[in-house]
Amino acid sequence: MNHEVFMAGFGGQGILLIGNLLAYAAIREGRNTSYFPAYGVEKRGGAATCTVVVADGEVGSPVIGNPGAAILLNPLSMEKYFGRVRSGGLCIVNSSLIEESGESRSDLRVLRLPLNELALEIGDARLLNMIAIGAYAELTGAVSLDALKAALADALPERNHRFIPLNVQAIDLGAAHARAALGAAA
Amino acid sequence: MQKRLLVKGNEAVAMGAIEAGCRFYFGYPITPQSDIPEYISREFPKVGGTFIQAESEIASINMLLGASACGKRAMTSSSSPGISLKQEGISYMAGSELPGLIVNIARSGPGLGGIDASQSDYFQAVKGGGHGGYHTIVLAPHSVQEMYDLTMLAFDLSDRYRVPAMLLGDSVLGQMKEALIPHPYVAPADLPAKDWAVSGKAGRAQRVVKSLYLGDGELEAHNWKLHRKYQEMRERETRCETAGLDDARLLVTAFGVTARIAKTAIRMAREEGLKVGLLRPITLFPFPDKAFADATARAKRVLCFELNTGQMVEDVRLSVSRDADVFFYGRPPGAGSLPTPEELLAQIRKHYKD
């Protein structure tokens, strides 16, 4: 099965890191994958997006117009990309920054998570990206949570490996919230 | 199981070059290809290579000319505006029959343009970007694996024909990461010895590497010699990937990253029952014209898809069967987004006829 996910936020939210992490997890599972980043020339504050495809066969286009899933972390991304998610798909929305507005779609699974607050609960606002990717993996099964956690060693530079346990905790927290949301929907 | 790594396209070029025995790199930084010199500058000291960040693109192409004249496997890399600056040196290399690899991770133009992916350097790459009516070998990878594989092939073809080779990528291929199986380089057993290299004449006759021919009839003879090599490459070295040609009613053709977008669009079209095939040129020079002639003996409609306003389509039109219709879809960079498979699918539906 093919999984395509589009991720967007502003520079500094860790979009490119979780895109990388997902691709490394896919490689660990022996799958094919492409990770395609597109970002502004700014290091922080500019727009950061990436598309990750996980496939059993050949990865076709690394660019996807209507992805099956999206992770949207800031209001600008919501405005630009929410409408593009394929009907029947999944959208994980950072409700800490994105207000519930007139935009709603009944043809999607939309999971609104207060990622900033959840990240602060476990000690560091910067973990919001890991919570989002944990929820994504849990809901789609694109990669296993175990592969995602193992891939932290590939995606993070050596000097940051001491933070792996905290990131694992964030991934688990995201997955737990996804499961709870699924339970509530059922 | 073979080792599979997640690698960025630019790094795959650098890895392929080192594996193929390239030990001389000369370049000047420019986005979106600077990962290549970055990787090489880190890894060359471990293998005894020489890395020089030159004072300019023009200096670096002439350093490449010099290293190649000494018989060494050598390369440079840049992106579109930088490649323009190198054209004089490339012409001199072509005239001097020197091998060498020039990597263009293309961005958008003209002029300084922007850093978006673009295929607007097709004409410059395949028609001889400098003066004097020469060709370079032009290879167009469409995946990270091919960034690695075709870098190796480019060195081999360049050495075999003593013609400079260009690897033509773009900023998507340079920046994206995919699985790479870094297989070992095996030199072709029949690569000719570099018995022309100016390596110090002690104990042997003098050798001369030059592109200046002033003697009566010399330059004409030299140009005919170059022409024969280009003809020989056209006969022997064209490469392309095809799929679904058996029953295709419409043929989609694209190179590089647009071929990736095309593959997904073709899969979507097939799911709708449309018989659509793919012909992806891997060598842009020599152009796989016979493959187009053969494929269009059956499929009479061809849709050429490029990230520009129409360049390769001219070579497609020259190559297809006389009664085939050639359509074009493309757009220049700068829209802030790349064309999507869904967008190309709409074009496939538009031009498809059962």
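The values are calculated or read from the model by the stated rules, or taken from the named source; none is laboratory data. Computed from a predicted model, the values in this text were never measured in an experiment. Positions of Cβ are generated from backbone atoms using ideal geometry, with glycine treated the same way; all protein chains shown enter the neighbour counts.
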Note on the stretch A:141-174: residues in contact (Cβ under 8 Å) with a residue 60 or more places away in the chain and part of a helix (DSSP H, G or I) are A:Ala147, A:Leu148, A:Ala150, A:Ala151, A:Leu152, A:Asp154, A:Ala155, A:Gly174
Please go through the stretch B:314-344 and pick out each residue that is buried (at least 22 other Cβ atoms within 10 Å of the Cβ) and either touching a His at 6+ places or on another chain (Cβ under 7 Å) or at the interface with chain A (Cβ under 10 Å from one of its Cβ atoms) (or both).
-> B:Leu338, B:Pro339, B:Pro341, B:Leu344
Confirm whether A:Leu21 is outside any loop (DSSP other than H, G, I, E, B), within 14 Å of the chain's Cα centre (by Cα), surrounded by fewer than 21 Cβ atoms within 10 Å (Cβ to Cβ) and more than 10 Å from every other protein chain (Cβ to nearest Cβ).
-> no
Collect the residues in the stretch A:7-18 that are more than 16 Å from A:Asp154 (Cβ to Cβ) and in a helix (DSSP H, G or I), keeping them in residue-number order.
-> A:Ile15
When A:Thr33 is evaluated against the numbered criteria (1) facing chain B (nearest Cβ under 9 Å); (2) farther than 17 Å from A:Leu145 by Cα; (3) touching a helix residue (DSSP H, G or I) at 6+ places or on another chain (Cβ under 6 Å), which criterion, by number, is the only one it fails?
-> (2)
List the number of the failed condition for A:Arg84; all other conditions in (1) surrounded by fewer than 20 Cβ atoms within 10 Å (Cβ to Cβ); (2) in contact (Cβ under 8 Å) with a residue 60 or more places away in the chain; (3) touching a helix residue (DSSP H, G or I) at 6+ places or on another chain (Cβ under 9 Å) hold.
-> (3)
The condition of being without any contact (Cβ under 8 Å) to a residue 24 or more places away in the chain and at negative phi holds, among A:Arg126, A:Arg112, only for A:Arg112
Can you find a residue in the stretch B:109-125 that is more than 14 Å from chain A (Cβ to nearest Cβ), within 17 Å of B:Glu232 (Cα to Cα) and outside any loop (DSSP other than H, G, I, E, B)?
-> no
Among the residues of the stretch A:19-35, is there at least one that is touching a Cys at 6+ places or on another chain (Cβ under 6 Å) and either within 21 Å of A:Asn116 (Cα to Cα) or in contact (Cβ under 8 Å) with a residue 24 or more places away in the chain (or both)?
-> yes
Considering residues that are surrounded by 11 or more Cβ atoms within 10 Å (Cβ to Cβ) and within 30 Å of B:Arg301 (Cα to Cα), the number found within the stretch B:211-235 is 5
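Taking the criterion of being outside any helix (DSSP H, G or I) and either touching a residue at least 12 places away in the same chain (Cβ under 8 Å) or within 14 Å of another protein chain (Cβ to nearest Cβ) (or both), would at least one residue in the stretch B:9-21 satisfy it?
First, pick out the residues of the stretch B:9-21 that are outside any helix (DSSP H, G or I): B:20-21.
Filter once more, so that each one left must be either touching a residue at least 12 places away in the same chain (Cβ under 8 Å) or within 14 Å of another protein chain (Cβ to nearest Cβ) (or both): B:20-21.
Among the residues of the stretch B:9-21, at least one is outside any helix (DSSP H, G or I) and either touching a residue at least 12 places away in the same chain (Cβ under 8 Å) or within 14 Å of another protein chain (Cβ to nearest Cβ) (or both), which makes the answer yes.
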Would you mind telling me which numbered condition in (1) charged (D, E, K, R); (2) within 30 Å of B:Asn10 (Cβ to Cβ); (3) touching a strand residue (DSSP E or B) at 6+ places or on another chain (Cβ under 9 Å); (4) free of Cβ contacts under 8 Å to residues at least 40 places away in the same chain B:Lys350 fails?
-> (2)
Residue that is surrounded by the fewest Cβ atoms within 10 Å (Cβ to Cβ), among those in the stretch B:103-125 that are within 13 Å of the chain's Cα centre (by Cα) and of a type in the set (A, V, I, L, M) = B:Ala125
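Please list, ordered by residue number, the strands (runs of 3 or more DSSP E) wholly in the stretch A:34-126 having 1 or more residues that are under 20 Å from A:Asn20 (Cα atoms) and modelled with pLDDT of 95 or more. Spell out how you get there, then give the answer.
Values: elements: A:47-55, A:69-72, A:90-94, A:109-113.
Here the list reads A:47-55, A:69-72, A:90-94.
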Within the stretch B:286-303, the residues that are surrounded by fewer than 16 Cβ atoms within 10 Å (Cβ to Cβ), in contact (Cβ under 8 Å) with a residue 40 or more places away in the chain and under 30 Å from B:Ser158 (Cβ atoms) are B:Lys290
